[in-house]
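Following: one structure in structure tokens, then a few remarks.
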Amino acid sequence: MKVLIIGSGGREHALAWAIAKSPLLTKLYVAPGNPGTAKIAENIPLRALDIPEIVEFSLKNAIDLVVPGPEVPLVAGIADALNKAGIACFGPSAAAAQLEGSKIYMKEIADAAGIPTARWQKFSEAEAAHDYIDAIGAPIVIKANGLAAGKGVVVAITEDEAHDAVTAIMEEKIHGMAGASVIIEECLTGEEISLFAVCDGNNALFFGTAADHKRVGDGDTGPNTGGMGAIFNPPWATENVIRRGMDEIIKPALAEMAKRGQPFRGFLFAGLMVGQDGPKLIEFNVRFGDPECETVLPMLSSDLLSVLKEAVEGRLDKAKVKWKQGSAATVVMCAKGYPGAYATGSEIFGLDEVGELPGVTVFHAGTMAEQDAILANGGRVLAINAVGNDLREALSRVYAAVDQLDWDDGFCRRDIGRRALVS
Ligand code: AMP
Ligand code: GLY
């Protein structure tokens with residue numbers, strides 16, 4: 001099969017790394033890719049939103065399957081455009097991608113399907129939102145309705161913070177039109193997990209869990225980021241939680257969407273809060289998580305491409321996947337200053353040696369190549385993964401890799417997985 005992956009981050013490097021191992025693969029392209037994908041695939045200079053050019057490239061090169069990594073091209077209709085041209089795409093239509101693109105749509109699906117989630121109200125007038133906060137009190141959660149690059153959510157501990165969030169999102173429009181309406185919802189408590197399923201429109205295949213670490217600082221302090229590290233199947237993702245997550249959240253959503261004529265095909269990512277009375281849905285994403293993808297795929301022992309092929313052919317009802325024994329952890333190396341302003345262009349030394357360490361895989365995220373040198377070229381620059389016989393070993397391997405890397409302008413969290421070790 002000829003496969004084209006869309007995107008340029010650590011997630012797309014991990015997808016390429018897993019697909020490159022498939023016996024079904026004859027040629028792998030990544031658009032636009034990064035210096036990591038360049039080593040295992042052919043990078044194509046097209047950006048994720050160059051949809052007509054991607055369709056044209058796929059037709060010309062007889063691509064059998066396109067796998068978009070990020071949500072933005074999915075929400076913009078890349079799957080529809082490819083399917084219309086007769087090209088298979090493992091990703092949802094624009095209509096189904098509203099599950100991530102619109103929080104109101106997500107909540108309507110959840111309510112119609114009886115999925116446990118935080119109680120919520122939608123507002124398109126700031127004044128009504130302020131009145132509601134006065135009536136309900138804090139803690140309370142304010143969310144811009146549209147896509148805001150993961151920055152549209154404020155978990156307000158005080159009423160003042162909640163009012164400030166409404167003012168910033170709805171009146172000052174800090175996220176533009178994504179904040180034209182907001183939802184205000186109950187604050188859930190518990191432990192978070194990211195639960196993944198591969199979906200074919202009707203069937204969902206469990207595809208692992210991970211715990212992300214969203215805050216920039218150790219001990220979950222500082223601003224939110226795209227994700228600073230992750231561990232595979234945290235201890236609070238028990239068998240019971242996974243079963244309930246699939247039966248009470250993923251499968252009912254899939255059935256509801258199929259019923260509405262918007263069947264969901266692709267990676268379905270449920271962000272869950274696991275509290276006293278079981279898992280509740282925080283949000284759906286219509287793609288794999290990043291850095292969760294770099295954590296889950298190294299644990300997969302089945303052939304990823306064959307699973308994706310079965311999904312686009314609508315044959316997941318009979319599919320099974322196998323996982324390796326042990327555990328995995330990923331630490332994201334960032335440029336100093338991230339998630340605020342950061343410098344680019346500093347050289348990273350020792351990548352090849354680090355990649356040779358036992359159990360370690362280095363995924364590139366925001367890097368660029370200059371002759372033989374690899375330079376930092378983004379906020380999240382590398383996602384370093386290690387597998388091990390257990391979480392403790394995976395973590396000690398991944399931090400040995402981090403410590404061996406020679407990059408003065410980088411930093412990472414030093415406490416990835418720590419809470420899982422003590423719980
Ligand atoms: P989202 O972009 O919806 O994933 O939200 C980002 C983060 O905000 C989540 O990962 C949670 O940590 C937190 N969050 C979102 N909604 C809630 C909620 N209803 N209760 C508590 N925390 C939440
Ligand atoms: N790591 C969280 C996300 O991909 O949204």
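The values are calculated or read from the model by the stated rules, or taken from the named source; none is laboratory data. If you're wondering where the values come from, they're calculated on a predicted model, not measured in any experiment. Counting neighbours? That spans all protein chains shown, and the Cβs are built from the backbone with ideal geometry, glycine included.
Between Ala79, Ala135, Ala95, the distinction of being surrounded by fewer than 20 Cβ atoms within 10 Å (Cβ to Cβ), within 28 Å of Val3 (Cα to Cα), away from ligand 1 (no atom under 12 Å from the Cβ) and small (Gly, Ala, Ser) belongs to Ala95 only. From Gly190, Gly201, which residue is more than 16 Å from ligand 2 (Cβ to nearest atom), touching a strand residue (DSSP E or B) at 6+ places or on another chain (Cβ under 8 Å) and within 16 Å of Ile140 (Cα to Cα)? Selected residue: Gly190, the only one of Gly190, Gly201 that is more than 16 Å from ligand 2 (Cβ to nearest atom), touching a strand residue (DSSP E or B) at 6+ places or on another chain (Cβ under 8 Å) and within 16 Å of Ile140 (Cα to Cα). The single condition among (1) aliphatic (A, V, I, L, M); (2) touching an Asp or Glu at 6+ places or on another chain (Cβ under 6 Å); (3) not in a strand (DSSP E or B) that Ile5 does not satisfy is (3). Each residue in the stretch 39-75 was checked for being under 14 Å from Ile19 (Cβ atoms), free of Cβ contacts under 8 Å to residues at least 60 places away in the same chain and acidic (Asp, Glu), and 1 of them qualify.
One residue stands out in the stretch 183-217 among those that are within 21 Å of the chain's Cα centre (by Cα) and acidic (Asp, Glu): the one that is farthest from Gly152 (Cα to Cα), namely Asp200. Within the stretch 378-417, being assigned to a loop (DSSP other than H, G, I, E, B) and under 20 Å from the mean Cα position of the chain (by Cα) holds for Gly378, Gly379, Cys412, Arg413, Ile416, Gly417.
Per the listing Ala81, Ala88, Ala113, Ala138, the residue uniquely in contact with an Asp or Glu (Cβ under 7 Å, 6 or more places away or on another chain), of a type outside the set (D, E, K, R) and more than 30 Å from Gly275 (Cα to Cα) is Ala88.
Counted as qualifying within the stretch 182-299 are the strands (runs of 3 or more DSSP E) with 1 or more residues that are buried (at least 24 other Cβ atoms within 10 Å of the Cβ), namely 182-186, 191-201, 204-212, 229-232, 264-275, 278-285. Only a single criterion out of (1) part of a strand (DSSP E or B); (2) surrounded by 18 or more Cβ atoms within 10 Å (Cβ to Cβ); (3) within 16 Å of ligand 2 (Cβ to nearest atom) is not satisfied by Ile142, namely (3).
Do we find that Ile174 is aliphatic (A, V, I, L, M) and modelled with pLDDT of 90 or more in this structure? No: the conditions fail for Ile174.
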